[in-house]
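Following: one structure in C-alpha cells, then a few remarks.
The values are calculated or read from the model by the stated rules, or taken from the named source; none is laboratory data. From a predicted model like this one, the values you see are computed outputs, not experimental measurements. In this analysis, Cβ positions are derived from the backbone assuming ideal geometry, glycine residues included, and neighbour counts consider all displayed protein chains.
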Amino acid sequence: MTMPAQRAGNEAASSFRPEMSLGEALRVLTRLLTEAGLDTPQQDARFLMQGLLGFDGAQLLSRSGRPLGDAAGRIGEAAARRIGHEPVSRILGRRAFYGRDFIVTPDVLDPRPDTEAVVDLALDLIRSRGLSEAPLTIADIGTGSGILIVTLLAELPNARGLATDISAAALAVARRNAEALGVAARIQFVATTGLDGVSGPFDLVISNPPYISTEEIAALEPDVKDFDPGQALDGGVDGLRVYREIARNIMELHAPSLVVLEVGATQAAEVEGIFSESGAQPIGRRQDLGGHTRAVALEIHL
Ligand code: GLN
C-alpha cells in the first residue's frame, strides 16, 4: 500500500461511528472509495455494506435510517482494505457466480462474471444434444475455487466430475464450495498438473487456465496483481502455454470429448488453432459482457 493510501485507509477506519445511520455510512463509504480513485466506488460501497450487514439491496435501502451499531468497526476495516485495493470478494470472503454464492480465499482466483460465458457455452452444447439428464463425466482443469465444476454439477443433476489443481490449498476451497452447494458426493478432487496421471474418458473437459503472458502481469491493476495467486494468472511467455498442455493432455486420453475453455480477449483464434493441430474441431464461441470472445468450444472425434 502506498503512503497516501495507507493514510486514507487509517482515516477510513475511524470514519464510521455506531450512531451513524446506514444511509449516511453508505454515502461516506462511497466518497472515501471515490477519493481513493477506485473504478467502481458506488457498486463496491453497496456490495460491501450489503455483505457485511447480511442485507440485500432492497433491505439496505429500506433500513437506511437505522444506526450502524457494532457494524461500524467492520465497515471501517473493510473501507481501509478496499482503499488498499483488496477486491470486495476477498474482503467479504464470498462471491456470487452463476446465481450461487462461493467461498473465496487468498488461495484462489477471484471468480469473474466473464467466466459465466464458459458455463453458458457448455450448457448450451449439452442441452442442444439432449444430454441434460445424461450421466456425463466432466473434468475441470485448474479448478481454483471450483466455480466451473460446482456450477455445472449443480445444473446437471446426473453428471459427475473430476477437478484438478496444482494447489492443494485451492482444492480445499473447491471442496468446501462443493459441500456447501450440495455436489461434493459427485466430485473427485485430484492434486496434479492439468490431467497428469488422470484416466478418462470424459464427455466434457472444461478449464479457465492461466492465460496472461508473464510480461503483461506486471502491468495489471493492483486489485488483480497484488491479490490473485500468480500461478492462477501466468500463462507463460505468450500466454498460451497452458492451452498447449491441455491439448496434449486431452489427446493423451484417446477418447472423444467436448472441450470448453475460457480464453483471453484476443486469444480465441490462436487457442482454436492449437487444438485444431491436434485434430479437434472448433464448434462454438461465446462472448463476455464486454463483447469479447471469452469461451471457445472444441470437439474431438476419434
Ligand atoms: N476455475 C477457476 C475460475 O474459473 C480458477 C481458474 C484459475 O485459477 N485460473 O475462476
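For every residue, the table says whether it meets (1) modelled with pLDDT under 95; (2) closer than 27 Å to Pro222 by Cβ; (3) buried (at least 20 other Cβ atoms within 10 Å of the Cβ).
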| residue | (1), (2), (3) |
| --- | --- |
| Ala13 | yes, yes, no |
| Val28 | no, yes, no |
| Pro41 | no, yes, no |
| Ala79 | no, yes, yes |
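When you check Glu179 against the structure, is it charged (D, E, K, R) and within 14 Å of the ligand (Cβ to nearest atom), yes or no?
no
Collect the residues in the range 249-295 that are within 16 Å of the ligand (Cβ to nearest atom), touching a Phe, Trp or Tyr at 6+ places or on another chain (Cβ under 9 Å) and either of a type outside the set (A, V, I, L, M, F, W, C) or closer than 20 Å to Asp196 by Cα (or both), keeping them in residue-number order.
Residues satisfying the conditions are Val259, Leu261, Glu262, Gly264, Gln267.
Does at least one position in the range 124-142 carry a residue that is part of a helix (DSSP H, G or I), buried (at least 19 other Cβ atoms within 10 Å of the Cβ) and within 13 Å of the ligand (Cβ to nearest atom)?
No, the range 124-142 contains no residue that is part of a helix (DSSP H, G or I), buried (at least 19 other Cβ atoms within 10 Å of the Cβ) and within 13 Å of the ligand (Cβ to nearest atom).
Just to be sure I understand the filter: pairs with C-beta atoms under 9 Å, separated by 6 or more residues or on different chains, first member in the range 30-45 and within 9 Å of Arg82 (Cβ to Cβ), second member exposed (fewer than 13 other Cβ atoms within 10 Å of the Cβ) and among the β-branched types (Val, Ile, Thr). Which pairs pass?
Leu33/Thr40
Return the total of residues in the range 251-266 being in contact with a Ser or Thr (Cβ under 6 Å, 6 or more places away or on another chain) and over 19 Å from Arg294 (Cβ atoms).
Total satisfying the criteria: 1.
Suppose we keep only residues that are under 18 Å from Val173 (Cα atoms) and touching a residue at least 60 places away in the same chain (Cβ under 8 Å) within the range 220-237. Which one would you say is surrounded by the fewest Cβ atoms within 10 Å (Cβ to Cβ)?
This residue is Gln231.
Please enumerate the residues belonging to the range 193-219 that are among the hydrophobic types (A, V, I, L, M, F, W, C) and surrounded by 16 or more Cβ atoms within 10 Å (Cβ to Cβ).
The answer is Leu195, Val198, Phe202, Leu204, Val205, Ile206, Ile212, Ile217.
If you check Glu299 against the conditions, is it touching a strand residue (DSSP E or B) at 6+ places or on another chain (Cβ under 8 Å), more than 14 Å from the ligand (Cβ to nearest atom), part of a strand (DSSP E or B) and not hydroxyl-bearing (Ser, Thr, Tyr)?
Against the criterion (touching a strand residue (DSSP E or B) at 6+ places or on another chain (Cβ under 8 Å), more than 14 Å from the ligand (Cβ to nearest atom), part of a strand (DSSP E or B) and not hydroxyl-bearing (Ser, Thr, Tyr)), Glu299 qualifies.
Considering only the range 248-283, how many residues are among the hydrophobic types (A, V, I, L, M, F, W, C) and part of a helix (DSSP H, G or I)?
Number of matching residues: 7.
Go through Ile250, Ile246, Ile217 for me and flag whichever is more than 24 Å from Leu123 (Cα to Cα) and in contact with a helix residue (DSSP H, G or I) (Cβ under 9 Å, 6 or more places away or on another chain).
Matching residue, one of Ile250, Ile246, Ile217: Ile217.
Quick one: in the range 90-123, which of the residues that are among the aliphatic types (A, V, I, L, M) and in contact with a Pro (Cβ under 8 Å, 6 or more places away or on another chain) is surrounded by the fewest Cβ atoms within 10 Å (Cβ to Cβ)?
Selected residue: Leu109.
Need at least 2 residues that are more than 19 Å from the chain's Cα centre (by Cα) and at negative phi per element, so show me which strands (runs of 3 or more DSSP E) inside the range 155-247 make the cut, counting only ones lying wholly within it.
Filter on the range 155-247 gives 187-191.
Residues to consider are Ile187, Ile206; find the one that is aliphatic (A, V, I, L, M), at pLDDT 95 or above, within 16 Å of the ligand (Cβ to nearest atom) and touching a Gly at 6+ places or on another chain (Cβ under 7 Å).
After ruling out the rest, the residue left standing is Ile187.
Among the residues of the range 88-99, is there at least one that is of a type in the set (A, V, I, L, M), near the ligand (Cβ under 10 Å from one of its atoms) and either under 12 Å from the mean Cα position of the chain (by Cα) or within 29 Å of Val28 (Cβ to Cβ) (or both)?
no
Could you tell me whether the range 282-298 includes any residue that is surrounded by 21 or more Cβ atoms within 10 Å (Cβ to Cβ), closer than 22 Å to Leu148 by Cα and more than 18 Å from the chain's Cα centre (by Cα)?
Scanning the range 282-298, I find at least one residue that is surrounded by 21 or more Cβ atoms within 10 Å (Cβ to Cβ), closer than 22 Å to Leu148 by Cα and more than 18 Å from the chain's Cα centre (by Cα), so the answer is yes.
If I go through the range 143-176 residue by residue, how many of them are crowded, with 24+ Cβ neighbours inside 10 Å and either modelled with pLDDT under 95 or within 14 Å of the ligand (Cβ to nearest atom) (or both)?
17
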